[in-house]
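**Student:** The structure is given below, and queries will be raised subsequently.
The values are calculated or read from the model by the stated rules, or taken from the named source; none is laboratory data. Everything numeric here is computed off the predicted structure, so don't read it as measured data. Positions of Cβ are generated from backbone atoms using ideal geometry, with glycine treated the same way; all protein chains shown enter the neighbour counts.
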Amino acid sequence: MSAYKPSWLTEDMAIFQQSVRRFAAEELVPNEERWAKQQHVDRQTWLKAGEMGMLCPGIPEEYGGGGGSHAHNAIIGYELSHAIATSLGTNVHSAITAHYILRYASEAQKQRWLPRMATGELVAAIAMTEPGAGTDLQNVKTKAIRDGDHYVINGSKTFITNGYHADLVLLVCKTDPTLGAKGMSIIVLETKDLPGFRRGRILEKLGQKGQDTSELFFDDVRVPVENLLGPQEGQGFYQLMQQLPEERMFIAMNALGAMERAVEETIQYTQDRKLFGKPLMDMQNTRFKLAEMQTTVTIAQTFIDACMTKMVNHQLDATTAAKAKWWASTQACQIIDECLQLHGGYGYMLEYPIARLYINTRPMRIYGGSNEVMKELIARTF
């Protein structure tokens, strides 16, 4: 992670990090432009990632995973963000969805799904957001009404990462619409040949264009009651709240990778770019701006290191995660904007890494809970 070595990074993790960096450079970065045009990665890439050990590294070996921890997921997110390789949705698949299954699923469910997720045979998504419900998850309208040994599901989801390829969808829905948050559950859908389930369009985004963000529709979809995640209905909102702090830390790590890469690119560009007969770096404003940005990166490294240490030691709380998420994503966007400005007109060209960093980093302030909501969560502790 640049020249900075986090206190939580072990020797084994550093070796894993190098392997992720090589995989990104060899298998992902060369295909990013093509994937952006087709709006999704090749299915074979999921199998390659599984073979390399990049899927479900934090899942125990008994379920086919790498036997590591959330730190391994954070390393992957950081490396792919730094490499500007945003198309493969490993965060959702490995760091989020797999850990919902690990934490809440029955033993039979774990054995059924996790090994195939680790190989890439199954691609997973979690479907929370709806056209009228984003950060306000209590407002979801998708219903799952019990009918004998099945749930009958009706509703729709949008902005679903991995939606195009998803074989497994963790669906956030209302099993009792009269109970509000207490009526929410998570039901696992196996999408292959599932009557009533259909995928809508892959949504055309400002950035992260190669990541298949899709609409999903459910019309009288029948799913066995045994696919409920957890021992009883009504646990969905609790499950979401328990898992979101880790998700927000992954976003903070991604933001760190993006801001580091932006400063690295801009230092190199301003050293090479000539203006009025001398390098742009020779101008005091350039040096001062980069000094300010490098200072912010150092602060971010130190702060996120402390937060990651809490997560590795199972001490991460929701407030700390909210602080890390909103601050790191905001700083990343501000730094990248300043770096783009120092690139001049070339910074607006997608062939330059800084332009891709600009559009790929912007949604970090939105997903995982908007930054405004993060501040509200923090303020509630006063």
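**Student:** Among the residues of segment 131-147, which ones are more than 17 Å from residue 188 (Cα to Cα) and part of a strand (DSSP E or B)?
**Tutor:** Scanning segment 131-147 gives a single hit, 133.
**Student:** Scan 338, 351 and give me the residue that is surrounded by fewer than 13 Cβ atoms within 10 Å (Cβ to Cβ) and under 27 Å from residue 208 (Cα atoms). Break it down into steps so the answer makes sense when it comes.
**Tutor:** Values: 338 fails: surrounded by fewer than 13 Cβ atoms within 10 Å (Cβ to Cβ).
Every option except 351 fails the conditions.
**Student:** Another question about this same structure. Within segment 363-376, is there a residue that is surrounded by fewer than 18 Cβ atoms within 10 Å (Cβ to Cβ), under 19 Å from residue 245 (Cβ atoms) and of a type in the set (Lys, Arg)?
**Tutor:** yes
**Student:** Looking at segment 159-181, which of the residues that are in contact (Cβ under 8 Å) with a residue 40 or more places away in the chain and surrounded by fewer than 17 Cβ atoms within 10 Å (Cβ to Cβ) is farthest from residue 37 (Cα to Cα)?
**Tutor:** The extreme case among them is 179.
**Student:** Is it the case that segment 298-313 has a residue that's surrounded by fewer than 17 Cβ atoms within 10 Å (Cβ to Cβ), among the hydroxyl-bearing types (Ser, Thr, Tyr) and closer than 21 Å to residue 337 by Cα?
**Tutor:** Within segment 298-313 (the criterion being surrounded by fewer than 17 Cβ atoms within 10 Å (Cβ to Cβ), among the hydroxyl-bearing types (Ser, Thr, Tyr) and closer than 21 Å to residue 337 by Cα), the answer is yes, since at least one residue qualifies.
**Student:** From the list 261, 287, which one is over 17 Å from residue 345 (Cβ atoms), surrounded by fewer than 17 Cβ atoms within 10 Å (Cβ to Cβ) and among the basic types (Lys, Arg)?
**Tutor:** 287
Okay, residues lined up against (1) of a type in the set (A, V, I, L, M); (2) modelled with pLDDT of 95 or more; (3) surrounded by fewer than 21 Cβ atoms within 10 Å (Cβ to Cβ):
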position	(1), (2), (3)
56	no, yes, no
60	no, yes, yes
68	no, yes, yes
97	no, yes, no
103	no, yes, yes
110	no, yes, yes
115	no, yes, yes
135	no, no, yes
140	yes, no, no
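**Student:** Okay, moving on. Hey, which of the strands (runs of 3 or more DSSP E) in segment 164-272, taking only ones fully inside, have at least 1 residues that are under 16 Å from residue 367 (Cα atoms) and under 17 Å from the mean Cα position of the chain (by Cα)?
**Tutor:** On the way: elements: 168-174, 184-190, 197-202, 213-224.
Result: 213-224.
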